[in-house]
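Working notes, beginning with the structure itself.
The values are calculated or read from the model by the stated rules, or taken from the named source; none is laboratory data. In this text the structure is predicted, and so the values were computed from the model without any measurement. Counting neighbours? That spans all protein chains shown, and the Cβs are built from the backbone with ideal geometry, glycine included.
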Amino acid sequence: MKKTSKRTARRVLAGLALLLVGLPGLALAGDCRQCHEQQGVAVKLPSTAPLRLQQATGERRIELADVFAFHGHECPGVTTGFLALRHGLELLFPGELARPEDVLVISRSSAGGIKDLIDLVMKGDNPAARSWPPVGLGNGPDRFSFVLIRKSTSEMLEIALRPEALPQGFMALKQQQKQGGLTPEGEQRLHDATKQMILEFPTRSAQELFGTPRPQKIMLWGTVAAAEQDRHVWRQRQQAKQQKARQQQAKP
């Protein structure tokens, strides 16, 4: 990840210093980077340990800034997911580095930041390998929960952000934003909550954010071949697209 780390400062030029002071015109999600760049904001990333993996070529270190760069902007989902995966893998691989080929990751969220995080960890930094969510996968309150499975030891770990760790009203504000019903006051509250998650979560302990999950022994049946799930999802999405087109044509 050395090359990725070197690119980070350039690709995350509009950084988190903005969130320390706020802006009069709020921009959220994908609009953040453009707004930050227009304001000439300097980089100020929170300091936190990297996510460390063992690969055939040696140790791979993924910094939080690397995931921001891969995703395209700073994001509370990236931040929370990064901290959850790092802690969960440390619990599943005590005293050693996690090996991606020995891990299965289950997410219940279609959020772009979380999806990009898991892609970067499990697939690498090739944008062409990005995953698509299956039809019908939502982005509800369990977006910050994951199931991690270590195949070699038949262990499973469920790790989720504690509800009390979320800024008050965050999920309701996100739902209002999705529906296009946020007031200026609501926009400010969501901006403040986003700022809190991105800047403060990396400074908190894993126990404060995620409690004390413990690996559990499990039994597994069946297999998932490489890229098999991607093919299934692609077919589902194509079928849904075709069905929507037929419905549009059937309208009077």
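Descriptive notes on the structure:
- Condition met for E155 (in contact (Cβ under 8 Å) with a residue 60 or more places away in the chain, under 23 Å from D102 (Cβ atoms), surrounded by 14 or more Cβ atoms within 10 Å (Cβ to Cβ) and over 20 Å from the mean Cα position of the chain (by Cα)): yes
- Meets criteria (under 30 Å from K241 (Cβ atoms), in contact (Cβ under 8 Å) with a residue 40 or more places away in the chain, among the aliphatic types (A, V, I, L, M) and out of contact with any helix residue (DSSP H, G or I) (no Cβ under 8 Å at 6 or more places or on another chain)) for I149: no
- Scope region 164-174; condition under 18 Å from the mean Cα position of the chain (by Cα), charged (D, E, K, R) and either part of a loop (DSSP other than H, G, I, E, B) or surrounded by fewer than 17 Cβ atoms within 10 Å (Cβ to Cβ) (or both); matching residues: none
- Conditions (1) in contact (Cβ under 8 Å) with a residue 40 or more places away in the chain; (2) out of contact with any strand residue (DSSP E or B) (no Cβ under 9 Å at 6 or more places or on another chain): number failed by R214: (2)
- Check on L137, at pLDDT 95 or above and either over 10 Å from the mean Cα position of the chain (by Cα) or loosely packed, with under 14 Cβ neighbours inside 10 Å (or both): no
- When region 142-152 is filtered for residues that are over 16 Å from the mean Cα position of the chain (by Cα) and either assigned to a strand (DSSP E or B) or closer than 14 Å to F201 by Cα (or both), the ones remaining, listed by number, are I149, R150.
- Within region 175-205, considering residues that are assigned to a helix (DSSP H, G or I) and of a type in the set (D, E, K, R), the one nearest to P46 (Cα to Cα): E200
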